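Engineer: Starting off with a structure, shown below.
The values are calculated or read from the model by the stated rules, or taken from the named source; none is laboratory data. This is a predicted model, so every value here is computed, not measured. Cβ placement follows ideal geometry from the backbone for every residue including glycine, while neighbour counts extend to all protein chains displayed. Heads up: the accessible areas ignore ligands, DNA and RNA and are worked out on the full protein's heavy atoms, side chains in. Shrake-Rupley method; radii C 1.70, N 1.55, O 1.52, S 1.80 Å.
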Amino acid sequence: MTTTTPTHCPYCSLQCGMRLAPAAGPVPVEVRERADFPVNRGALCGKGQNAAALLAPGTRLTTPLVRAGKAGGRGELRAASWTEALDRVAAGFAGVRERYGADAVGVFGGGGLTNEKAYQLGKFARIALKTATIDYNGRFCMSSAAAAGRIAFGVDRGLPFPLEDVPRTDCLILVGANPAETMPPALRYFRELRENGGTLIVVDPRRTRTAELADLHLQPVPGTDLALALGLLHLLIAERMVDVDFVAERTTGFEDARAAAMAHWPERVERITGVPVARLREAAQHFGRARTGMVLTARGPEQQSKGTDTVGAWINLCLASGKAGRRYSGYGCLTGQGNGQGGREHGQKADQLPGYRSIEDPAARAHVAAVWGVDPDELPRSGRSAYELLDSLGAEGPDGVRALLLMGSNPVVSAPRAGRIAERLRALDLLVVSDLVLSETAQLADVVLPSTQWAEETGTMTNLEGRVLLRRRAVAAPEGVRSDLWVLRELAERLGAKGAGGEGGFDDDPEAVFAELRRASAGGQADYAGISYERIAAEDGVFWPCPAEDHPGTPRLFLDAFATPDGRARFAPVSHRPAAEEPDAEYPMYLTTGRVLAQYQSGAQTRRVAELNSAAPGPFVELHPRLASRLGVADGEQLAVVSRRGRVVAPARISDAIRPDTVFMPFHWSGPGRANTLTNPALDPTSKMPEFKVCAVRIERVGESK
Ligand SMILES: Nc1nc2c(c(=O)[nH]1)N[C@H]1C(S)=C(S)[C@@H](COP(=O)(O)OP(=O)(O)OC[C@H]3O[C@@H](n4cnc5c(=O)[nH]c(N)nc54)[C@H](O)[C@@H]3O)O[C@H]1N2
Ligand SMILES: Nc1nc2c(c(=O)[nH]1)N[C@H]1C(S)=C(S)[C@@H](COP(=O)(O)OP(=O)(O)OC[C@H]3O[C@@H](n4cnc5c(=O)[nH]c(N)nc54)[C@H](O)[C@@H]3O)O[C@H]1N2
Ligand code: SF4
Ligand SMILES: [Mo]
């Protein structure tokens, strides 16, 4: 019998359990089913099934690369030794720091990094580089839901209940989420909900495969979810479906929220959203009359320049109808990246210290500084958010960032207004990219550091339920590849950071880093103090907060009280406002963007896997047959899509599943079909989330067929 290693998928936040068995040949392991892990019970999507392909030496980086000359410019990337590469990085960072100050060296992390890496990256920025300039790609992901959750409930954990509760609720509204493509093994929970007699309502401008499962599909204009939620609350109030006792006992702020909702009567909401009044009434009746109910949002309503208020409006709906803080009821956000949850808790965010602490809070600074063995006054303050950081790269003057360490993101493809971001990356004095593959962003780097991958390293990941999981090393990495933790230790030593390499310094053993993370998080909101690798292994994961080894962990939050100072949830007094850019005569269509099943994010990984690439080989523009016939466009014909930021070309995919006033593009590709050439970097004022889900475009025929 071969011994298999139980671990989790390297991709999305469902963190499906899988087993790895040793294999002969260039791909050193084989993915097997792990039926005993509760979240996916053995089911995997194609990305998980084919995850091992990237371990083969031919598809990934196996040696550091350095460039002669400046970023994006003269020299070619060539193979180098680790010593040469790391010496160059350390000298470059030290030089920029000397010339421009510590904040001119930036760090950009990712929600795919393990908790240990995310923690160490935040610590590296604050005490080795001493820079305030750090943020990460999670800002582009669930930051609006995180902000709204903190405002309403006092804490941000994507789902306040395990997925196993979903089939037990009576009515579920899924807003701008397409798990049929983005988390297929989770569909089981929504199917079971219907089998149990519950009602599923889906809100999406497209009739997705997820919407096809629903009892009711509301198909709003992109960017109008805020009005839709207000309209539903209006109907709840008008038809006396408010849970008055719950509102009185467990919430504050209802009066202002009520006043805002009263200004959104059904006919007005129909005019804004395009959703007929009859449909609104039907949805309000289902949700309002149900004994228990949930609202789950994903990127649709969140990736808007009013994402925080929009999520707040959906939370209001839950609170007003008493569907929060009770078993089988509540609001949740479906977090996206593998460690999208843990990655936002341990300090790679601009304003944050480990344990979901605020970097501006004196008590938090003192606690974390003590764990790190530094003076609290030495810790930098808050830095700038992801888009603001990327936008300031290479700029002259006091705010310009001149050098960047990028670990776990590919912004050349995934950042809004990506053309501008690629240009800013080229303007840096020094761009350092740690990655598994030569991504589009790594191709611009001065130094590329090849990192070990999921099956080659151990670490913890926190899934969308707040369940801390153990990723286990199953196979040795190829010669020439090193872990991110090792890189951070080596760089910290070269930069002369206090304690580097030694006890309590920059360890590269994941379990030792986790032990330190536990202490740093102790007493914070995301308290991991009681979680150990042994416990995770024995218990199918441990839910935070878990303050002590004898604490059972917390699968369900808010049953007794919300995490606000007075224990009450807070209504958000929000009103509708239009998207930052609405269609006009010149740019008459809405563009929205998102995902397809076989590709992951910027595609850096999945475009290199043959099975996935043949399933989804390139970008496309989804458009309604009525729009297609008005433009005289045939299926498969090359179309140009033009926005105020740029122009892309991709084939037409004609489908009556989309609204006739909207086109959709997936964002997984670079080159002429890169959706983010078009997107609008208008930011939500609270979360700094860019408006990936709405901008105005014009469609032009290119004139040649595929
Ligand atoms: N296959 C695959 N799976 C993934 C990923 C991937 O790249 N590929 N990425 C992972 C990550 S990081 C994330 S964040 C999740 C994202 O998971 P989802 O949020 O499910 O994915 P998206 O396709 O971005 O958006 C969901 C839906 O929002 C709809 N939408 C667009 N505009 C609006 C709007 O204005 N309002 C509403 N209500 N809906 C709108 C789109 O039509 C789309 O169907 O997926 C994770 N899983
Ligand atoms: N238009 C549009 N744009 C979007 C979105 C959208 O819906 N529409 N969604 C946004 C969202 S939700 C997200 S999450 C972002 C994601 O976009 P990105 O941040 O670009 O995410 P990935 O493509 O996953 O990039 C991760 C990179 O890190 C590498 N990597 C993976 N694991 C590790 C590791 O452990 N160490 C190191 N060093 N490298 C690693 C991968 O090979 C890859 O190159 O895109 C955003 N962009
Ligand atoms: S759903 Fe997500 S975690 Fe599960 S196999 Fe697919 S990509 Fe991996
Ligand atoms: Mo994401």
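Engineer: How much of the accessible area of the range 169-258, probe 1.4 Å, is carbon plus sulfur, in whole percent? Write out the running numbers ahead of the final one.
Structural biologist: Working: 1250 of 2980 Å².
So the carbon and sulfur contribution to the accessible surface is 42 percent.
Engineer: Quick check on packing: order 445-458, 113-126 by the mean number of other C-beta atoms within 10 Å, highest mean leading. Let's see the in-between values first.
Structural biologist: Values: 445-458: 24.1, 113-126: 28.8.
Put in order of decreasing packing, that is 113-126, 445-458.
Engineer: How many nm separate the modelled label positions at ALA79 and GLU192, each set 7 Å beyond the Cα in the direction of the Cβ?
Structural biologist: 5.0 nm
Engineer: Hey, another quick one. Say the cut-off is 18 Å between C-alpha atoms; which of LYS130/LYS688; LYS323/LYS693; LYS349/LYS498; LYS123/LYS349 go over it?
Structural biologist: Details: LYS130/LYS688 23 Å; LYS323/LYS693 27 Å; LYS349/LYS498 22 Å; LYS123/LYS349 11 Å.
In this structure, LYS130/LYS688; LYS323/LYS693; LYS349/LYS498 lie more than 18 Å apart at Cα.
Engineer: Now a separate question. Using Cα-Cα distances under 8 Å and only pairs 6 or more residues apart, what relative contact order does the range 253-387 have, in percent?
Structural biologist: Value for the range 253-387: 14 percent.
Engineer: Is the range 329-448 rounded, prolate or oblate when judged by the Cα gyration tensor, a ≥ b ≥ c being the square roots of its eigenvalues, rounded requiring a/c under 1.5 and prolate requiring a/b larger than b/c?
Structural biologist: The shape class here is oblate.
Engineer: For the peptides 176-182, 613-619, what is the packing order when you average, over each peptide's residues, the other Cβ atoms within 10 Å and list the highest mean first?
Structural biologist: Per-residue mean Cβ counts within 10 Å order the peptides as 176-182, 613-619.
Engineer: How large a share of the accessible area of the range 616-682, in percent, is made up of carbon and sulfur atoms when the probe is 1.4 Å and the other protein chains stay in place?
Structural biologist: Summing carbon and sulfur atoms, their accessible area is 52 percent of the total for the range 616-682.
Engineer: Right, something else. Under a Cβ-only charge scheme (Lys and Arg +1, Asp and Glu -1), can you give me the dipole magnitude of the chain about the Cα centre, in debye to the nearest 20?
Structural biologist: Values: 83 positive and 83 negative charges, 245 e Å.
For the chain, the charge dipole is close to 1180 debye.
Engineer: Among SER321, ALA118, HIS576, whose Cα lies farthest out toward the positive end of the dipole of the chain, if unit charges sit on the beta carbon of Lys, Arg (+1) and Asp, Glu (-1)?
Structural biologist: Of the options given, the answer is HIS576.
Engineer: Just want to confirm a number: the relative contact order over the chain, from Cα pairs under 8 angstrom separated by 6+ residues, in percent.
Structural biologist: Computed value for the chain: 19 percent relative contact order.
Engineer: Leaving out ligands, DNA and RNA, and with a 1.4 Å probe, what % of the accessible surface on the range 456-591 is carbon or sulfur?
Structural biologist: 48 percent
Engineer: Rounded to the nearest 500, what is the chain's calculated 222 nm mean residue ellipticity when only DSSP H runs of at least 4 contribute -39500 (n - 2.57) each, over all residues?
Structural biologist: -8000 deg cm²/dmol
Engineer: Using 0.36 nm times the number of residues separating LEU559 and ALA476, minus their current alpha carbon distance, what extension gain do you get? The partial results should precede the final answer.
Structural biologist: Values: separation 83, 0.36 × 83 = 29.88 nm, distance 4.44 nm.
Once the chain is fully extended between LEU559 and ALA476, it gains 25.4 nm.
Engineer: Let me ask something additional. Give the dimensionless ratio obtained when the Cα radius of gyration of the range 393-442 is divided by 2.2 N^0.38 Å. The partial results should precede the final answer.
Structural biologist: Details: Rg = 10.8 Å, N = 50, 2.2 N^0.38 = 9.7 Å.
Output field value: 1.11.
Engineer: Moving on to the next point. Roughly how many Å² is the accessible area per residue of the chain, as a whole number, for a 1.4 Å probe?
Structural biologist: 33 Å²
Engineer: While we're looking at this one, here's another question. Report the antiparallel proportion of the DSSP beta bridges in the chain as a percent, rounded to a multiple of 5.
Structural biologist: Around 45 percent of the beta bridges assigned by DSSP in the chain are antiparallel ones.
Engineer: Could I ask something else about it? The range 504-533 to the range 166-233: how many Å between their Cα centroids?
Structural biologist: 37 Å
Engineer: Let me ask another. Sort 218-229, 311-322, 583-594 by the packing proxy (mean of other Cβ within 10 Å over each peptide's residues), most packed first.
Structural biologist: 311-322, 218-229, 583-594
Engineer: Using the Kirkwood radius over C-alpha pairs as Rh, can you work out the diffusion coefficient of the range 143-334 via Stokes-Einstein at 37 °C, viscosity 0.692 mPa s, in µm² per second?
Structural biologist: 204 µm²/s
Engineer: Can I ask one more? For the range 143-334, what is the relative contact order in percent, using Cα pairs closer than 8 Å and at least 6 residues apart in sequence?
Structural biologist: Once normalised by length, the contact order is 30 percent.
Engineer: Provide the net charge surrounding ARG34, with neighbours chosen by a C-beta distance below 14 Å and charges set as Lys +1, Arg +1, Asp -1, Glu -1.
Structural biologist: +1
Engineer: Could you work out how far apart the two model spin labels at ARG99 and ASP656 are, taking each label as a point 7 Å from the Cα in the direction of the beta carbon, and quote it in nm?
Structural biologist: Here the modelled spin labels are 6.2 nm apart.
Engineer: Determine the gain in length on full extension of the stretch THR2-ALA585; use 0.36 nm per residue of separation and subtract their C-alpha separation, reporting nm with one decimal.
Structural biologist: 203.4 nm
Engineer: If you find the alpha carbon centre of the range 314-339 and of the range 88-110, how far apart are they in angstrom?
Structural biologist: With the range 314-339 and the range 88-110 each reduced to a Cα centre, they are spaced 41 Å.
Engineer: Quick one: grab the alpha carbon gyration tensor of the range 589-701, order the square roots of its eigenvalues as a ≥ b ≥ c, and give me rounded if a/c is under 1.5, else prolate or oblate depending on whether a/b is larger than b/c.
Structural biologist: Oblate shape, in that a/c is at least 1.5 and b/c is the bigger or equal ratio.
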